[in-house]
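Undergrad: Below is a structure I'd like to ask you about.
The values are calculated or read from the model by the stated rules, or taken from the named source; none is laboratory data. Since this is a predicted model, take the numbers as computed values, not measurements. Here the Cβ positions follow ideal geometry from the backbone for every residue, glycine too, while neighbour counts run over all protein chains shown. Areas reflect the complete protein model, heavy atoms only, side chains present, ligands, DNA and RNA absent. Shrake-Rupley method; radii C 1.70, N 1.55, O 1.52, S 1.80 Å.
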There are 2 protein chains.
Amino acid sequence: MSEPRWLDATQQRDWRAYVDGSVRLTEVMDRDLKTRHGLSVSEYEILVRLSEAPERRLRMAELADNASQSRSRLSHTCSRLESKGLVSRGSCPGDKRGVYAHLTDAGFDALDRASRDHVETVRAFLVDIIDPADLEAVGRVFTAVMKRIDAG
Amino acid sequence: MSEPRWLDATQQRDWRAYVDGSVRLTEVMDRDLKTRHGLSVSEYEILVRLSEAPERRLRMAELADNASQSRSRLSHTCSRLESKGLVSRGSCPGDKRGVYAHLTDAGFDALDRASRDHVETVRAFLVDIIDPADLEAVGRVFTAVMKRIDAG
DNA sequence: GAGCATAAATTGAAGATTCAACTAATCTTC
DNA sequence: GAAGATTAGTTGAATCTTCAATTTATGCTC
């Protein structure tokens, strides 16, 4: 095993800032959504993806990929969302194994309300306090990260 | 309630890339640390902070702040790390309420081994695949985010 | 220094996530 | 078209996190 290629001081500083900052930012978003709308960030993400899908529905597997969640986690979370009446599940015509998750009208309304507050939080704690060019850099960085991860 | 100030297309794209990419990146880091060293990212972070503290020890509250974890979560996680022999807890001379978490020699060794692999992962999935200037932008962004959060 | 508010840390229960096992349906290929 | 392999999705148990309550000690104020 060769000597590892440690990060230099600048890289270390920036990586650390990201690690700490992103944890805290998620925490802020989570608390905000939870106290004001009773939704966790991951539940919110599920509603968002469904709301953007054709007919407001997606197959479970597709939704899982889309929302960066495991199948199992999505199953559990969807059960909760279903019992809140925000999502409903139905069978899939073509494939009898398949299940569609569908955003209900109540789910759409809940998302509508939540997103109005959420965008203000995203602005207040990120978008509005940084240089727009830096936000674009963040976008480039994490697009590259996802591409790299998908490449395996 | 006035009309919310929605993100424009570019902001939306970049924010989304961050949300998705950071979740997946954390997942990669977590899986890597867990399969190769039996540590979660948050356990790893605790060991890192302790290793850098004077005498390799910190008060619980200080460690919690440092590692961006709640007191309660830190208590539980430290119990686990303690049972693995990586951390030990001792009382605090000046303040009888206080508790010091101390990195054991075994903990230091485990961290040493883990960090050698971890840095390669950080490089492979982030640092080495992006423009260095963009990494600096990420650093600036999340430094600003933390400052904003600390401001309340 | 007694009484009351605050702070440090832990605890146990409730809630969420991961992991491995499982069911059921589809695809493959011989 | 039957056998075996793969895919979709769920389930329950184990693990981890959050939340509220508790314990113990300190600080403050009169």
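Undergrad: Say whether the condition of being outside any helix (DSSP H, G or I), closer than 26 Å to A:L33 by Cα and more than 8 Å from every other protein chain (Cβ to nearest Cβ) is met by at least one residue in the range A:104-126. Break it down into steps so the answer makes sense when it comes.
TA: Step one: of the range A:104-126, the residues outside any helix (DSSP H, G or I) are A:104, A:126.
Right, trim to closer than 26 Å to A:L33 by Cα and you get A:104, A:126.
Remaining after also requiring more than 8 Å from every other protein chain (Cβ to nearest Cβ): A:104.
There is at least one residue in the range A:104-126 that is outside any helix (DSSP H, G or I), closer than 26 Å to A:L33 by Cα and more than 8 Å from every other protein chain (Cβ to nearest Cβ).
Undergrad: Quick check, is A:D20 acidic (D, E), without any contact (Cβ under 8 Å) to a residue 40 or more places away in the chain and more than 18 Å from B:E27 (Cα to Cα)?
TA: Values: acidic (D, E): yes; without any contact (Cβ under 8 Å) to a residue 40 or more places away in the chain: yes; more than 18 Å from B:E27 (Cα to Cα): no.
When the stated conditions are applied, A:D20 does not pass them.
Undergrad: Residue under question is B:R36, and the condition is that it be among the basic types (K, R), outside any helix (DSSP H, G or I) and more than 22 Å from A:S22 (Cα to Cα); does it hold?
TA: Details: among the basic types (K, R): yes; outside any helix (DSSP H, G or I): no; more than 22 Å from A:S22 (Cα to Cα): yes.
Here the answer is no, as B:R36 does not meet what is asked.
Undergrad: Quick check on B:A9: is it more than 30 Å from A:A133 (Cβ to Cβ), surrounded by fewer than 19 Cβ atoms within 10 Å (Cβ to Cβ) and either among the hydrophobic types (A, V, I, L, M, F, W, C) or within 14 Å of another protein chain (Cβ to nearest Cβ) (or both)? Talk me through it step by step, then tell me what you get.
TA: Numbers: more than 30 Å from A:A133 (Cβ to Cβ): no; surrounded by fewer than 19 Cβ atoms within 10 Å (Cβ to Cβ): yes; either among the hydrophobic types (A, V, I, L, M, F, W, C) or within 14 Å of another protein chain (Cβ to nearest Cβ) (or both): yes.
Spelling it out, it is not the case that B:A9 is more than 30 Å from A:A133 (Cβ to Cβ), surrounded by fewer than 19 Cβ atoms within 10 Å (Cβ to Cβ) and either among the hydrophobic types (A, V, I, L, M, F, W, C) or within 14 Å of another protein chain (Cβ to nearest Cβ) (or both).
Undergrad: Same structure again: Which count do you get for residues in the range B:25-72 that are within 11 Å of another protein chain (Cβ to nearest Cβ), within 12 Å of DNA strand D (Cβ to nearest atom) and farther than 15 Å from B:S115 by Cα?
TA: Final tally of qualifying residues: 5.
Undergrad: Of all residues in the range A:91-131, which are open to solvent by 70 Å² or more (accessible area, probe 1.4 Å) and within 30 Å of A:G21 (Cβ to Cβ)?
TA: Within the range A:91-131, A:R113, A:D128, A:D131 qualify.
Undergrad: Related question: When you scan the range A:21-35, how many residues do you find that are out of contact with any Phe, Trp or Tyr (no Cβ under 7 Å at 6 or more places or on another chain) and either of a type in the set (S, T, Y) or surrounded by fewer than 19 Cβ atoms within 10 Å (Cβ to Cβ) (or both)?
TA: Kept after step one, since they are out of contact with any Phe, Trp or Tyr (no Cβ under 7 Å at 6 or more places or on another chain), are these residues of the range A:21-35: A:23-24, A:26-27, A:29-32, A:34-35.
Adding the requirement that they be either of a type in the set (S, T, Y) or surrounded by fewer than 19 Cβ atoms within 10 Å (Cβ to Cβ) (or both) leaves A:24, A:26-27, A:30-31, A:34-35.
Qualifying residue count, the range A:21-35: 7.
Undergrad: Related question: Is it the case that A:L50 is open to solvent by less than 40 Å² (accessible area, probe 1.4 Å) and within 13 Å of DNA strand C (Cβ to nearest atom)?
TA: Details: open to solvent by less than 40 Å² (accessible area, probe 1.4 Å): yes; within 13 Å of DNA strand C (Cβ to nearest atom): no.
Against the criterion (open to solvent by less than 40 Å² (accessible area, probe 1.4 Å) and within 13 Å of DNA strand C (Cβ to nearest atom)), A:L50 does not qualify.
Undergrad: Among (1) within 10 Å of chain A (Cβ to nearest Cβ); (2) modelled with pLDDT of 95 or more, which single condition is B:P4 missing?
TA: B:P4 satisfies all of (1) within 10 Å of chain A (Cβ to nearest Cβ); (2) modelled with pLDDT of 95 or more except (2).
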